[in-house]
Amino acid sequence: MSPIHLVLIGPPGVGKGTQAALLEERLGTRTLSSGVIFRQEIEAETDLGRLANSYIKRGELVPNGITIEMMAKRLRSDEVRRRGFVLDGFPRTLRQADALQELLAEMELHLDRVVSLEVDLEVVVARLAGRLGCTKCGEIYHAANKPPGREGLCDKCDTPLLMREDDRPETVRERLRVFKENTQPVVEFYEARGLLRRIDANQTPEAVYASITEGIV
Ligand code: AMP
């Protein structure tokens, strides 16, 4: 099977990370999650991490230039060539979408599909309230819907789980506002290019997965 190239778009808490993990597990596709990469940089206390965190903790977007450079570096890897990619959380602005088109043209790759995961925005505030994440491998848990086997520890790598600082309700509201303003136009950008599939994210993760991959795997 040839590698697939997908973009997942959707508001925070809609299940992009969950779907990216399923795609990676089942198809071997390399996940590139801009949010996870920023959090790893913050954890490692790099200059990029410190800079990014000053925006992330307020629920704002990290500036385009920094974000594009960080993602382009990872997209240009041999591993991505071999395994394909699922982009989770990137592109989030029209400028990032343009930059991605240019980069893919340079790499002679094209997107198989862009998925817009859609849900009532009130639902995601509740979902995010119980979300726990692994700071090392990025695995996502939920206090009620998907608790880890041992309380507070990642099933995959034993790292302690944390609630994200930016999952606090007031920051979530700002992230949703930013999503509507900056990322909704990206959905229309891909719709105009015939690449978009809208999926109701209120379905089970398995049903969402089936719809994401239908006809391309
Ligand atoms: P996420 O884990 O995708 O919800 O991302 C967490 C935070 O990282 C966002 O609220 C932004 O502050 C920042 N971030 C992630 N991806 C991007 C992006 N593509 N452009 C700008 N900021 C981003």
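Out of curiosity, is residue 80 touching a Lys or Arg at 6+ places or on another chain (Cβ under 8 Å), assigned to a strand (DSSP E or B) and crowded, with 17+ Cβ neighbours inside 10 Å?
no
Please work out if residue 83 is away from the ligand (no atom under 16 Å from the Cβ) and without any contact (Cβ under 8 Å) to a residue 60 or more places away in the chain.
So residue 83 does not fit the description; no.
If you go through segment 175-199, how many residues are under 17 Å from residue 125 (Cα atoms) and loosely packed, with under 14 Cβ neighbours inside 10 Å?
Count: 2.
Pick from segment 27-61 the residues that are away from the ligand (no atom under 14 Å from the Cβ), outside any loop (DSSP other than H, G, I, E, B) and within 22 Å of residue 78 (Cβ to Cβ): which of them is farthest from the chain's Cα centre (by Cα)?
Looking at residues that are away from the ligand (no atom under 14 Å from the Cβ), outside any loop (DSSP other than H, G, I, E, B) and within 22 Å of residue 78 (Cβ to Cβ), I get 27.
Restricting attention to segment 87-96, and to residues there that are assigned to a helix (DSSP H, G or I) and not hydrophobic (A, V, I, L, M, F, W, C), which single residue is surrounded by the most Cβ atoms within 10 Å (Cβ to Cβ)?
Within segment 87-96, the subset assigned to a helix (DSSP H, G or I) is 94-96.
In the following step, the residues that additionally are not hydrophobic (A, V, I, L, M, F, W, C) were identified as 95-96.
Numbers: 95: 16, 96: 21.
Checked segment 87-96; the qualifying residue surrounded by the most Cβ atoms within 10 Å (Cβ to Cβ) is 96.
Take the residues of segment 97-131 that are at pLDDT 95 or above and surrounded by 20 or more Cβ atoms within 10 Å (Cβ to Cβ): which is farthest from residue 161 (Cα to Cα)?
Filtering first and then ranking leaves 99.
The values are calculated or read from the model by the stated rules, or taken from the named source; none is laboratory data. Not measured: the values here are computed from a predicted model. Using ideal geometry, Cβ is built from the backbone for each residue, glycine included, and neighbour counts are taken over all protein chains shown.
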